[in-house]
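Peer 1: Have a look at the structure that comes next, please.
The values are calculated or read from the model by the stated rules, or taken from the named source; none is laboratory data. What you are looking at is a predicted structure, and each value in this text was computed from that prediction instead of being measured. In this analysis, Cβ positions are derived from the backbone assuming ideal geometry, glycine residues included, and neighbour counts consider all displayed protein chains.
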Amino acid sequence: MGVSPHVTKTHTKNQYKACHLQFGPNPSFVLKIQVGSLLLCRTYITCQLTMPMTNKEVKSLYRERFDPVQYHTTYYSNLDKEVEFFLTNIHSTLLKEKFNEGKRCLEIGSGPTVHSLISASHHFDTLVSSDYTEKNREEIRKWLNKDAQALDWTIFFRFVANMEKFSDLDEGVRILEERLRRKLKNVSFCDVFDSIPLNYKEAPFDVIITSLCLEFAACDWSSYVQALKNIAALLRVGGGIIMVGALNNTFYYVNDEIFPSLKLDQPMIQKAMTLAGFQGFEWKILERQVIEGKPTDHDGCFCVSAIKM
């Protein structure tokens, strides 16, 4: 999906700025979306969408315009109910025997984040993060190296420390941070549209986690299915996938920049995963909880787990 947005707002706190991106010469139309009924927040966003956008253009958009520090500020400066939902369901899924057998776990599309692997560090000896953009991979390396400018994930470690029943949460944070740093062996380049998306000698993996990735990488349905098939090739037969993401989302903002998303509902996601060779689905769905400060149009969040057959 190509996007050339103009943003207006009536809400007094969400200072969405006008911005202008143009991808290709195609005719455009105006889509007006109201996002705010859940919390009685009156925010109106007017987007001018240009169809279609290619996977190549999406890659270029992330390479050139994605700001990992602003992304962290916008979406991870606090721990909201939706991220709690993601962390809770990743944690509970990994407690199931079929998801904690083996030694190797991969996260596809980590972005600049490390929080989705905190619980995995309890179960696996080898963890690998991966992302397409060097800027995101560099932010993870900063955190691994305890760089003074590294992004702060303390509140997320504290949340998982509480789930792991640490009586002293400060000590729990210290232990979990050290555990993840010790087990996160590699921060790798990944392109989900390559037939071999990750060049890593330890593949296949026992479990793959992917969070808020594929719906933002794929520009159409066939690309989404192919990305899932490519990811499945990195997983052993009988291995598990845990995927968390946004439902019916079409865009999100990082500062002034708008990034497209492929609009997907639960049946579409499960059909794509089935085509990629997964079975035994277990779903958790949460209606949208956060409006203020979260400039997206999703109407819910999901966690789905399945087994590669």
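Peer 1: Residue pairs, Cβ under 7 Å, 6 or more apart or interchain, first in segment 137-150 and basic (Lys, Arg), second modelled with pLDDT of 95 or more. List them.
Peer 2: Filtered contacts from segment 137-150: Arg137/Asp131; Arg137/Val187; Arg141/Val187; Lys142/Gln149; Lys142/Ala150.
Peer 1: Out of everything in segment 160-216 that is farther than 26 Å from Cys301 by Cα and assigned to a strand (DSSP E or B), what residue ends up being farthest from the chain's Cα centre (by Cα)?
Peer 2: Per the criteria, the residue is Lys185.
Peer 1: Every residue in segment 150-173 that is of a type in the set (A, V, I, L, M, F, W, C) and under 19 Å from Pro68 (Cα atoms), please.
Peer 2: Across segment 150-173, the qualifying residues are Ala150, Leu151, Trp153, Ile155, Phe156.
Peer 1: For segment 254-272, which positions are touching a residue at least 40 places away in the same chain (Cβ under 8 Å) and surrounded by 21 or more Cβ atoms within 10 Å (Cβ to Cβ)?
Peer 2: Once the filter is applied, which keeps residues that are touching a residue at least 40 places away in the same chain (Cβ under 8 Å) and surrounded by 21 or more Cβ atoms within 10 Å (Cβ to Cβ), segment 254-272 yields Ile258, Pro260, Ser261, Leu264, Ala272.
Peer 1: Take segment 64-112 and flag every residue that is within 13 Å of Gly293 (Cα to Cα) and in contact with a Pro (Cβ under 6 Å, 6 or more places away or on another chain).
Peer 2: Across segment 64-112, there are no qualifying residues.
The rows are residues; the columns are (1) polar (S, T, N, Q); (2) surrounded by 16 or more Cβ atoms within 10 Å (Cβ to Cβ).
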| position | (1), (2) |
| --- | --- |
| Ser167 | yes, no |
| Val173 | no, yes |
| Arg181 | no, no |
| Ser188 | yes, yes |
| Asp191 | no, yes |
| Ile196 | no, no |
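Peer 1: If a residue counts only when it is buried (at least 21 other Cβ atoms within 10 Å of the Cβ), which helices (runs of 4 or more DSSP H) contained entirely in segment 49-146 have at least 2 such residues?
Peer 2: Helices (runs of 4 or more DSSP H) meeting the threshold: 68-75, 81-94, 134-144.
Peer 1: Scanning segment 147-162 for residues that are under 14 Å from Phe86 (Cβ atoms) and among the aromatic types (Phe, Trp, Tyr), which turns out surrounded by the most Cβ atoms within 10 Å (Cβ to Cβ)?
Peer 2: Among residues in segment 147-162 that are under 14 Å from Phe86 (Cβ atoms) and among the aromatic types (Phe, Trp, Tyr), the one surrounded by the most Cβ atoms within 10 Å (Cβ to Cβ) is Phe156.
Peer 1: Here is a follow-up. If you go through segment 201-239, how many residues are of a type in the set (S, T, N, Q) and within 21 Å of Asp125 (Cα to Cα)?
Peer 2: Within segment 201-239, residues that are of a type in the set (S, T, N, Q) and within 21 Å of Asp125 (Cα to Cα) number 2.
Peer 1: Give me the pairs, please: first residue somewhere in segment 222-242 and within 16 Å of Ser305 (Cβ to Cβ), second residue anywhere and of a type in the set (S, T, N, Q) and assigned to a helix (DSSP H, G or I), beta-carbon distance under 7 Å, and either six or more positions apart or on two chains.
Peer 2: Ile242/Thr93
Peer 1: Continuing with this model, one more query. Gly239 - would you say it is farther than 20 Å from Glu97 by Cα and crowded, with 16+ Cβ neighbours inside 10 Å?
Peer 2: no
Peer 1: Given the options Leu87, Leu151, name the one that is within 30 Å of Asp256 (Cβ to Cβ) and touching a His at 6+ places or on another chain (Cβ under 6 Å).
Peer 2: Result: Leu151 is the single residue among Leu87, Leu151 that is within 30 Å of Asp256 (Cβ to Cβ) and touching a His at 6+ places or on another chain (Cβ under 6 Å).
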